[in-house]
Amino acid sequence: MRQAERRFISLIVGVAVMSLASASPAITPIKRSFSELVSQAEFIVVGTISQMQSLRLPDGAIVTDLTLGILESMKGDKLPGSILTLRMLGGTVGDTQLLVAGAPQFRPGQTVLLFVRGNTREMFPFVGVQQGVFHVRPAEPPGAAHVLDWLGQPVTGIRDDEVLVDPGGAETIAISVDEFLREIQRRLGP
């Protein structure tokens, strides 16, 4: 296949992906229970995003690699101090940008709690896409960090196997990371 044909096919694939993303108001995966988030995850980690790098794949898709420094690991073989690189659809390469409506957004320096599944095999390597992404915000006293959902709304607890979120609430009402991790541990068992 000639270079021009490859570029044309890449353009068609890119347009198709972008039109699908823009035709849909948001990515809306099947709702997962908290137990499903835990059981379906290959890794459950708390980490800080140290780097984000976008690149174009040979098929023309634009992806972003997130480099995560692991602070705590609840499931999987990633130890604190290790690095995990996650690949997700979307990003900017040169003057071309691929935005996917409803996809979780990240930035370097953010601390996140992630339920990871399908890294490099799925468009978004998080259980339930947005449902497997939580932001961690420092709080007073030191060490009492709060958990927020992927939109930055406070997670107030886990009840009836559902993650409870208060869309209008202040961050101070959010569950602590320690309490959230205890809920994960209860579902993982001994």
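Whole Å is fine, so just give me how far the alpha carbon centre of segment 145-190 lies from that of segment 103-124. Going from one Cα centre to the other spans 18 Å. Modelled label positions at Thr67 and Ile30, each set 7 Å beyond Cα in the direction of Cβ, lie 3.7 nm from each other. Taking each residue as 0.36 nm, the span from Ile173 to Gln105 lengthens on full extension beyond its C-alpha to C-alpha distance by 22.2 nm.
Backbone geometry of segment 48-65 corresponds, through the Karplus equation with coefficients 6.51, -1.76 and 1.60 at θ = phi - 60°, to 3J(HN,Hα) couplings of 10, 6, 9, 7, 9, 9, 8, 8, 9, 7, x, 7, x, 5, 9, 10, 10, 8 Hz, x marking Gly and Pro. Working note: Karplus 6.51/-1.76/1.60 with θ = phi - 60° gives segment 146-151 the couplings 9, 9, 10, 6, 5, 8 Hz, where Gly and Pro are set to x.
Evaluated at q = 0.10, 0.17, 0.22, 0.23 Å⁻¹, the base-10 log of the normalised Debye intensity for segment 67-177, with identical point scatterers placed on the Cα atoms, takes the values -0.32, -0.92, -1.36, -1.43.
Assuming a ≥ b ≥ c are the square roots of the Cα gyration tensor eigenvalues, decide whether segment 129-190 counts as rounded (a/c under 1.5), prolate (otherwise, with a/b larger than b/c) or oblate. Note, shape of segment 129-190 comes out oblate. Rounded to 0.05, the FRET efficiency of the Asp166 and Leu79 pair, given R0 = 25 Å and the Cβ-Cβ distance, is 0.15. Each Lys or Arg adds one and each Asp or Glu subtracts one; over the other residues with Cβ under 11 Å from the Cβ of Val46, this totals -1. For segment 31-129, the convex hull spanned by the alpha carbon atoms encloses 101 Å³ per residue. Here the gap between Leu151 and Arg56, fully extended at 0.36 nm per residue and compared with their Cα-Cα distance, gives a gain of 31.5 nm. Shown in residue order for segment 98-105 are the 3J(HN,Hα) couplings computed by the Karplus curve 6.51 cos²θ - 1.76 cosθ + 1.60 at θ = phi - 60°: 10, 10, 10, 4, x, 7, x, 10 Hz (x for Gly and Pro). Fewest-first ordering of Asp59, Asp65 by other beta carbons within 10 Å of each residue's beta carbon gives Asp59, Asp65.
Laboratory data are not the source of any read-out in this text; all were calculated from the coordinates shown. On a predicted model such as this, the values are computed, not experimentally measured, just so you know. We place every Cβ from the backbone using ideal geometry, glycine too, and count neighbours over all the protein chains shown.
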